[in-house]
Amino acid sequence: MISRLLCAALATTLLLSGCGFRLQGNYQYPEQLAQVQLQSNDQYGELHRLLQDKMRLHNIQVVNDANAPRIWLNNDQLERTTLSLFPSGQVAEYQLVYSVSFNVQLQQQQAQTFNVEVRRDYLDDPRTALAKNRELDLLLQEMRQSAADKIMRILATTEVDQASQVNPTPDAS
């Protein structure tokens with residue numbers, strides 16, 4: 001009985017690993033990205049801090065070495081568009097779009113630019129203004145977290161060929 005369970009567990013493991021299944025956040029990063037420079041316009045911003053923490057968790061060292069590959073966070077912005085209105089004409093629902101543009105550059109190579117977008121809907125009830133401000137702050141924090149996760153996935157799927165040029169794989173988006 002135990003041998004059957006062991007065989008079933010082994011077969012399941014082989015099938016899942018054979019199809020490319022990985023646990024979320026368990027990425028293999030290219031060796032060339034073991035040490036990187038992380039730069040942005042706002043060195044103390046939340047997105048910069050989140051990326052530093054994620055890189056530390058994945059054993060990627062953030063250094064100030066000019067020879068290390070450079071990741072530059074160009075800009076991040078939040079756009080808000082109206083989705084629906086109350087009968088009185090007040091805004092009932094917004095769509096928030098948090099977008100980040102960043103570059104990855106290896107030694108003396110042309111930088112590759114990537115864009116990440118995170119979209120969320122936000123209900124705005126004017127009767128609960130104080131609670132909505134807190135909800136909006138939490139939503140923005142979650143959107144930044146999601147953007148940082150997407151950036152790390154893009155870095156994990158970035159291929160570095162023999163000529164040290166960065167080529168994103170087709171499923172990097």
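The values are calculated or read from the model by the stated rules, or taken from the named source; none is laboratory data. This is a predicted model, so every value here is computed, not measured. All Cβ positions, glycine included, derive from the backbone under ideal geometry; neighbour counts span all protein chains shown.
Whenever a residue of the range 43-61 is basic (Lys, Arg), its partners that are assigned to a helix (DSSP H, G or I) and crowded, with 17+ Cβ neighbours inside 10 Å, lying with C-beta atoms within less than 7 angstrom and at least six residues away or across chains, give the pairs Lys54/Ala148; Lys54/Met152.
Would you check if Ala111 is farther than 20 Å from Asp42 by Cβ and surrounded by 12 or more Cβ atoms within 10 Å (Cβ to Cβ)? For Ala111, the condition - farther than 20 Å from Asp42 by Cβ and surrounded by 12 or more Cβ atoms within 10 Å (Cβ to Cβ) - is not met. Of the residues in the range 64-83, at least one is at pLDDT 90 or above, over 25 Å from Met152 (Cβ atoms) and either part of a loop (DSSP other than H, G, I, E, B) or touching a Leu at 6+ places or on another chain (Cβ under 9 Å) (or both).
Listed conditions (1) in contact (Cβ under 8 Å) with a residue 24 or more places away in the chain; (2) surrounded by fewer than 16 Cβ atoms within 10 Å (Cβ to Cβ); (3) closer than 20 Å to Leu139 by Cβ are all met by Thr82, apart from (1). Among the residues of the range 106-140, those identified as within 20 Å of the chain's Cα centre (by Cα), of a type outside the set (A, V, I, L, M, F, W, C), more than 26 Å from Phe86 (Cβ to Cβ) and modelled with pLDDT under 95 are Gln112, Thr113. Output the residues belonging to the range 126-151 that are closer than 13 Å to His48 by Cα and touching an Asp or Glu at 6+ places or on another chain (Cβ under 7 Å). Once the filter is applied, which keeps residues that are closer than 13 Å to His48 by Cα and touching an Asp or Glu at 6+ places or on another chain (Cβ under 7 Å), the range 126-151 yields only Arg144.
Flag: Val36 matches the condition of being farther than 18 Å from Leu139 by Cα, surrounded by 14 or more Cβ atoms within 10 Å (Cβ to Cβ), of a type in the set (A, V, I, L, M, F, W, C) and at pLDDT 90 or above. Sub-9 Å Cβ pairs linking a first residue in the range 87-98 that is closer than 30 Å to Val116 by Cβ and among the hydrophobic types (A, V, I, L, M, F, W, C) to a second residue that is surrounded by 15 or more Cβ atoms within 10 Å (Cβ to Cβ) and at pLDDT below 90, at least 6 apart or interchain, are Val91/Asp124; Ala92/Asp124; Leu96/Tyr122; Leu96/Leu136, ordered by first then second residue. Regarding the range 108-120, can at least one residue be identified that is of a type in the set (S, T, N, Q) and either farther than 20 Å from Leu155 by Cβ or touching a helix residue (DSSP H, G or I) at 6+ places or on another chain (Cβ under 9 Å) (or both)? Scanning the range 108-120 turns up no residue that is of a type in the set (S, T, N, Q) and either farther than 20 Å from Leu155 by Cβ or touching a helix residue (DSSP H, G or I) at 6+ places or on another chain (Cβ under 9 Å) (or both).
For the range 48-60, state whether one or more residues are assigned to a strand (DSSP E or B), surrounded by 12 or more Cβ atoms within 10 Å (Cβ to Cβ) and among the basic types (Lys, Arg). Checked against the condition, which is being assigned to a strand (DSSP E or B), surrounded by 12 or more Cβ atoms within 10 Å (Cβ to Cβ) and among the basic types (Lys, Arg), the range 48-60 yields no hits at all.
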